[in-house]
Amino acid sequence: MAPKQRDIGWEHGTPVGESRKLIKCNYCGKQVLGGITRLKQHIAHVPGQLEGCLWVLKEVSQIMRHLSEGSKERAAIKSKKSDLWDL
């Protein structure tokens with residue numbers, strides 16, 4: 001089995017305590033509950049989710065937004081494939 005890839009989000013946040021569900025943003029210090037995905041939403045300024053990070057560079061925010069859009073596309077493709085198998 002191949003080793004697990006390290007999520008790029010961990011370069012921008014630090015886990016608080018033993019749990020990886022509470023993460024501190026390396027830019028503004030805000031603690032985000034919900035894991036690395038929620039931290040990436042905070043950094044990417046995803047509307048309707050968390051308050052966007054005010055201290056992150058625009059380039060980093062755009063990278064996180066691009067990565068989160070890619071994961072939505074992969075999920076949609078996976079859903080379509082599973083729907084085909086249900087027929």
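Nothing in this text is a laboratory measurement; each read-out follows from the coordinates by a stated rule. Every value quoted in this text rests on a predicted model; they were computed, and no experiment measured them. Using ideal geometry, Cβ is built from the backbone for each residue, glycine included, and neighbour counts are taken over all protein chains shown.
Highest mean packing comes first when the peptides 52-59, 35-42, 8-15 are listed by Cβ atoms within 10 Å, giving 35-42, 8-15, 52-59. The modelled label-to-label distance between residue 66 and residue 49, using points 7 Å beyond Cα along the C-beta direction, is 1.7 nm.
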